[in-house]
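Down below is the structure, laid out as structure tokens.
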Amino acid sequence: MNAPTRIEGGMIGKPVPRIDGRLKVTGAACYPSDVPLEDMAYAFLVTSSIARGRIKEFHLEDAQAVDGVLDILTYENTKGKLRKARFFSNGGHASTTIMPMDSPKIWHEGQIIAIVIAETYEAAREAAYKVRVDYVERKATPGFDERRPQPRQISNPLSSSNPKVGNADKAFEEAAVKVDVYYTTPTQHHNSIELFTTTCVWSGDQLTVYEPSQYVYGLKNGVAKQLGINPDRVRAVSPFVGGAFGSKAAVTPRTALIALAAKRLNRPVKLVATREQGYTVSSYRAETQHHMKLGADRAGKLTSLSHEGWEVSSRPDSYKVAGTETTSLLYACPNVYTKVNVVHADRSTPGFMRSPPEVPYMFALESAMDELAVALALDPVELRRINDTKVNPVNQKPYSSRSLMACYDKAAEAFGWSKRKPEPGSMQDGDWLIGWGCATACYPTNVAPSEARVTLAPNGTVRVQTAGHDIGTGAYTAIALTAAEFLGVALEDVNVELGDSTLPPAPVAGGSNATASICNSVAEACEDIRERLAQAAVHSDGPMRGVDPASIHLSHGMLVTDEGKKEPLKDALARLGFGPVEAHSKYTPEVASGAIKLLGHTLLSKGIPVMTPGTSAGDHVQYALGAEFVEVRIHKRTREIRVPRLVGAFAAGRIISPTTARSQLLGGLIWGVGSALHEATEIDRRTARYVNDDLAEYLIPVNADIRDVEVIFVPEEDSKVNALGIKGLGELGNVGTNAAVANAVYHATGRRIRELPIRIEDLL
Ligand code: MOS
């Protein structure tokens, strides 16, 4: 079945407050970390203080002597108890293939090496601090070495296609104007407010896991795999998530270990990993390096684009974000060369972090585009206009829709870009140098199979059930608006249930695919209900007898025909003898390739992530796009950097919930400032240990750092991406900001900073 395409705009696109807002501000929203259980025991992790080597011996006597200690797990009693789950980049669910308590081997600093369980959290913590470990330590490699570029260690190239076309080297040699530079981005950590917790409880052979998750089906299936049990015996519950940003998408080793502990004790066990432990027991954004070579003719047309990237990963896993899939197709260019390398180090395995490929790779491309504009003495917006394209230059596939220059025009106008003086340092205000910069934001439109159950009760209220997730994004609101739209009921009459693996399967809340995937499945279920009501109405003695059922729709609590015949919905339900009307829809993206279309539901019900990536969606490419403009002010003497103004204009197809969509984009822009000026996880190169793994020293912007932020929606219709025309925008907002800030810093000072974050000391 197809989702209805008739959208009256009654509810979809209406700016309403988020429907779960009251629950959240009153504390009534029950986050998985808050679930209280009878007879709960508490776990505390012991993590490795070395980055490479092995455990020689544990001394547990002092820990065992702490009052209230119930059990201590080490590899000596957990070895062989858990199975390896497949790595997510390899079609599985696991965040890493490192099985931390399966052997004495140490792969990275902060690896889980023991778990203490006690009657109270405090007792578990005290005992954990008393666990003594003798190690055999080996010299660790912290990340990239000091050479640049890094040695080329490409390993296990699972997915990356390294797009290329023409002869980029030759075209670069012959180019009239050239940019040939390196960029670097740092390690970053998500630092969600809700920590990495897990509560496991067994009831007979049934396991329930309460854990903040972006993917309850993945959690259920991944943990079942690790425990070697049938997935039907695992339930994962996560109705709210206090921040995730990618870190709660894949299954970390902690969950199965806590399930094991709960089994041993025959009691519910709750783990709260500390903020510091969160840096190494889950994933992170790895540091990257980039070699960019751009060649252009004198008019500014790109003739050659080369982008080579290096990314750090752990020893056993070849995780890479491979953003050249995006940077190769954004601008018209006949000669493109790209390559991605993985550099293995003694580190935990990195993973998704908001806009994983685009954030580092677009920093490189959009900084280099600005450098090219300077070399050409062209306005940077004009350079993008000259190189705007309607097709992917590598394979000539058209964009399903592309509003990039409309975004630039809207944002430039709102920002006042026409008043910019191009000369660096030429705009000043007293002691402050003013810099204006801009950059492109983009994110592929991903769509995945998704299921939903919608029930219309005789009293006109609606229940929507799907195992999707609201990770703070506004999913509850977007889904409720969709059901309200297509069933013609008030928003207050819609109840949405999410985040429980007993609900119909939904994809990972990642890759900005949730709204597009889930709202289409909800719309299909609503269409099913409308169709059944309409059929009954036209075949009964009533005002709609004999009319075309397709002409009947639901609006403002009424059944309405195109000719204006009306009957209140509740009256019709009673008259036609309906009890609750339930519809269960299985949405499969139209753009999916044959194999995914066929397999999508089988794989999804097994919890295997299947997404149709926007970069290769059948016969076209599909992207949400935006333009971001930034004003920086840099103090002439102290070099303090301020960002008083951010303007972003975005085109992302149909916007279901403008209020929460705007929040996503505002948050993205603000995060972008953090990423450009503050955020970096620092590593002690001698020991391969993080040194600022806490919220005091991991710098993020505070309120005083952020002043005016403006988000503009550029209307866009796209009938190719999915029936409802949704592109998704959860990750779009923070993509261009790094480069926009760096470009503004150049404009203010004439200093090109190619290594993030940009700090005062870079400008002295
Ligand atoms: Mo997002 S990093 O795909 O959760």
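Miscellaneous remarks
- Being within 27 Å of F352 (Cα to Cα) and within 16 Å of the ligand (Cβ to nearest atom) is a condition met by no residue of segment 741-760.
- Hits in segment 202-236 - residues which are within 25 Å of G80 (Cβ to Cβ) and touching a Ser or Thr at 6+ places or on another chain (Cβ under 7 Å): V209, E211, L219, K220, V223, A236
- Hits in segment 29-53 - residues which are more than 30 Å from E137 (Cβ to Cβ) and open to solvent by 10 Å² or more (accessible area, probe 1.4 Å): C30, Y31, S33, D34, V35, P36, L37, E38, D39, M40, Y42
- Of all residues in segment 467-475, none satisfies being on the phi < 0 side of the Ramachandran plot, among the β-branched types (V, I, T) and more than 16 Å from the ligand (Cβ to nearest atom).
- Extreme residue, farthest from the chain's Cα centre (by Cα), among residues of segment 345-374 that are within 16 Å of the ligand (Cβ to nearest atom) and closer than 14 Å to S247 by Cβ: T349
- Any chance V251 is within 16 Å of P100 (Cα to Cα) and either open to solvent by less than 10 Å² (accessible area, probe 1.4 Å) or not charged (D, E, K, R) (or both): yes
- V272 vs. criteria of a type in the set (A, V, I, L, M) and surrounded by 22 or more Cβ atoms within 10 Å (Cβ to Cβ): no
- Only one entry in Y319, Y337 is open to solvent by 10 Å² or more (accessible area, probe 1.4 Å) and assigned to a strand (DSSP E or B), namely Y337.
- If you go through segment 409-437 and keep only what is under 30 Å from A509 (Cβ atoms) and open to solvent by less than 20 Å² (accessible area, probe 1.4 Å), you end up with just A411.
- Pair list, Cβ < 8 Å and 6+ apart or interchain, from segment 168-194 residues that are over 30 Å from G472 (Cα atoms) and of a type in the set (D, E, K, R) to residues that are modelled with pLDDT of 95 or more and part of a loop (DSSP other than H, G, I, E, B): K170/N335
Residues checked against (1) within 16 Å of the ligand (Cβ to nearest atom); (2) β-branched (V, I, T); (3) more than 30 Å from P142 (Cβ to Cβ); (4) in contact with a helix residue (DSSP H, G or I) (Cβ under 6 Å, 6 or more places away or on another chain):
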{"position": "F240", "(1), (2), (3), (4)": "yes, no, yes, no"}
{"position": "S247", "(1), (2), (3), (4)": "yes, no, no, no"}
{"position": "T255", "(1), (2), (3), (4)": "no, yes, no, yes"}
{"position": "T274", "(1), (2), (3), (4)": "no, yes, no, no"}
{"position": "T280", "(1), (2), (3), (4)": "no, yes, no, no"}
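- Set R267, R285: member being within 16 Å of the ligand (Cβ to nearest atom), in contact with a strand residue (DSSP E or B) (Cβ under 6 Å, 6 or more places away or on another chain) and open to solvent by 10 Å² or more (accessible area, probe 1.4 Å): R285
- When the test is whether a residue is of a type outside the set (V, I, T), assigned to a helix (DSSP H, G or I) and over 30 Å from G733 (Cα atoms), A480 does not pass it.
- Single condition S314 does not satisfy, out of (1) polar (S, T, N, Q); (2) out of contact with any helix residue (DSSP H, G or I) (no Cβ under 8 Å at 6 or more places or on another chain); (3) crowded, with 23+ Cβ neighbours inside 10 Å: (3)
- Some residue of segment 102-110 being among the aromatic types (F, W, Y), surrounded by 15 or more Cβ atoms within 10 Å (Cβ to Cβ) and within 30 Å of the chain's Cα centre (by Cα): yes
- Within segment 445-461, the set of residues being crowded, with 24+ Cβ neighbours inside 10 Å and outside any loop (DSSP other than H, G, I, E, B) comprises V447, S450, E451, A452, V454, L456.
Yes or no, residue by residue, for (1) in contact with a Gly (Cβ under 9 Å, 6 or more places away or on another chain); (2) farther than 26 Å from L481 by Cα; (3) surrounded by 21 or more Cβ atoms within 10 Å (Cβ to Cβ):
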site: A627; (1), (2), (3): yes, yes, yes
site: V630; (1), (2), (3): yes, yes, yes
site: E640; (1), (2), (3): no, yes, no
site: L646; (1), (2), (3): yes, yes, yes
site: L666; (1), (2), (3): yes, no, no
site: V673; (1), (2), (3): no, yes, yes
site: T681; (1), (2), (3): no, yes, no
site: R686; (1), (2), (3): no, yes, no
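- Of the residues L82, L23, the single one that is out of contact with any Leu (no Cβ under 6 Å at 6 or more places or on another chain) and open to solvent by less than 60 Å² (accessible area, probe 1.4 Å) is L82.
- Every condition in (1) among the basic types (K, R); (2) within 16 Å of the ligand (Cβ to nearest atom); (3) assigned to a strand (DSSP E or B) is met by K293 except one, and the failing one is (2).
- Test: K56 is surrounded by fewer than 21 Cβ atoms within 10 Å (Cβ to Cβ) and part of a strand (DSSP E or B): yes
- Residue in segment 238-245 that is in a strand (DSSP E or B), surrounded by fewer than 23 Cβ atoms within 10 Å (Cβ to Cβ) and modelled with pLDDT of 95 or more present: no
Let's see how each residue does on (1) without any contact (Cβ under 8 Å) to a residue 12 or more places away in the chain; (2) under 30 Å from H584 (Cβ atoms); (3) among the aromatic types (F, W, Y); (4) crowded, with 24+ Cβ neighbours inside 10 Å:
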{"residue": "N387", "(1), (2), (3), (4)": "no, no, no, no"}
{"residue": "K390", "(1), (2), (3), (4)": "no, no, no, no"}
{"residue": "Y443", "(1), (2), (3), (4)": "no, no, yes, yes"}
{"residue": "V464", "(1), (2), (3), (4)": "no, yes, no, yes"}
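- Boolean, Q206 is touching a residue at least 40 places away in the same chain (Cβ under 8 Å), of a type outside the set (K, R) and either on the phi < 0 side of the Ramachandran plot or open to solvent by less than 40 Å² (accessible area, probe 1.4 Å) (or both): no
- Sole exception among (1) out of contact with any Gly (no Cβ under 7 Å at 6 or more places or on another chain); (2) surrounded by fewer than 24 Cβ atoms within 10 Å (Cβ to Cβ); (3) part of a loop (DSSP other than H, G, I, E, B) for R707, by number: (3)
- Where strands (runs of 3 or more DSSP E) fall entirely within segment 483-588, those with at least 2 residues that are closer than 28 Å to T208 by Cα and more than 16 Å from the ligand (Cβ to nearest atom) are at 494-497, 581-587.
The values are calculated or read from the model by the stated rules, or taken from the named source; none is laboratory data. These figures come from a predicted structure and were not determined experimentally. When we count neighbours, we look across all protein chains shown, and the Cβ atoms used for this are built from the backbone with ideal geometry, even at glycine. Calculation scope for accessible area: heavy atoms of the full protein, side chains included, ligands and nucleic acids excluded. Shrake-Rupley method; radii C 1.70, N 1.55, O 1.52, S 1.80 Å.
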